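Inspection log for the structure reproduced underneath, given as structure tokens.
The values are calculated or read from the model by the stated rules, or taken from the named source; none is laboratory data. Small disclaimer: the values here were computed from a predicted structure and weren't measured. Methodologically, a virtual Cβ is constructed for each residue, glycine included, from the backbone with ideal geometry; neighbour enumeration extends over all protein chains shown.
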Amino acid sequence: MKNSLLVFSTVLVLFASCKDDVLPKPKAMLRLEYPQAEYLETNLDCPYTFDQNAISIIKENKDCSLVLDYPQMKGSIFLTYKKVEGNIRELMLDAEKLTYEHVVKADQIAPKEYMHPEERVYGKFFQVSGNAASQSQFYVTDSINHFVTGSLYFYAKPNYDSILPAAMYLENDIRRIMESLSWK
């Protein structure tokens, strides 16, 4: 009986010791890759034109307000067009007010002036850091006839660390929109 107990305990120890060694997982970062941006000039029946990233899909409204949808990134750039009718100051204040409504959740809002006098395009770009609903906002105008505002939104709960790669990619698209925008 002692021998059978010894054999049984030996077999039990052997089965219990046949596990894989537990190794800690190496630290890793999520790697998101987006395609190299290819830009096409928009051909819309609107008083302005700009370069659009080929991966975006334009959804046009009748008042020349647009949505540039990026399904791969689950985000959109919303463009709103308004005609200037002696109310340029009010339009600019409304655009800045909309941006600064995000200050509750934002860590920082960094404004940058934009000027392209050859095309009569003047504006401001706002980079929003933190868990705000919108990561980028801008407006451009010719100060006389046309005013366009833009906002970047993602279809997800704001988590700045998670959406940062997509936000940076789309921020480049917004800059390209501002730089290429021209009035008809």
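The figures follow:
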item: Filtered residues of the range 38-56 (kept if of a type in the set (Gly, Ala, Ser) and either surrounded by fewer than 15 Cβ atoms within 10 Å (Cβ to Cβ) or out of contact with any strand residue (DSSP E or B) (no Cβ under 7 Å at 6 or more places or on another chain) (or both)); result: ALA54
item: Qualifying positions in the range 79-97 - more than 12 Å from TYR139 (Cβ to Cβ) and in contact (Cβ under 8 Å) with a residue 12 or more places away in the chain; result: LYS83
item: Tabulated pairs, the range 108-136, first more than 13 Å from ILE163 (Cβ to Cβ) and touching a residue at least 40 places away in the same chain (Cβ under 8 Å), second acidic (Asp, Glu) and in a helix (DSSP H, G or I), C-beta under 8 angstrom, 6+ apart or interchain; result: HIS116/GLU179; GLN127/GLU171
item: Hey, ARG176 in contact (Cβ under 8 Å) with a residue 60 or more places away in the chain and in a helix (DSSP H, G or I) or not; result: yes
item: From PRO158, PRO165, residue being assigned to a loop (DSSP other than H, G, I, E, B) and either in contact with a Cys (Cβ under 8 Å, 6 or more places away or on another chain) or surrounded by 15 or more Cβ atoms within 10 Å (Cβ to Cβ) (or both); result: PRO158
item: Considering residues of the range 95-146 that are in contact with a strand residue (DSSP E or B) (Cβ under 9 Å, 6 or more places away or on another chain) and of a type in the set (Lys, Arg) only, the residue surrounded by the most Cβ atoms within 10 Å (Cβ to Cβ); result: LYS124
item: Residue match in the range 74-91 (condition: touching a Phe, Trp or Tyr at 6+ places or on another chain (Cβ under 7 Å), within 28 Å of TYR34 (Cα to Cα) and exposed (fewer than 14 other Cβ atoms within 10 Å of the Cβ)); result: yes
item: ASP69 touching a Lys or Arg at 6+ places or on another chain (Cβ under 7 Å) and either at pLDDT below 95 or within 27 Å of GLU33 (Cβ to Cβ) (or both); result: yes
item: The range 43-64, subset polar (S, T, N, Q) and modelled with pLDDT under 95, residue nearest to the chain's Cα centre (by Cα); result: ASN61
item: Residues of the range 36-86 classified as of a type in the set (Phe, Trp, Tyr) and more than 18 Å from ARG176 (Cα to Cα), total; result: 0
item: Failed item in (1) surrounded by fewer than 21 Cβ atoms within 10 Å (Cβ to Cβ); (2) in a strand (DSSP E or B); (3) modelled with pLDDT of 95 or more, with THR149 passing the rest; result: (1)
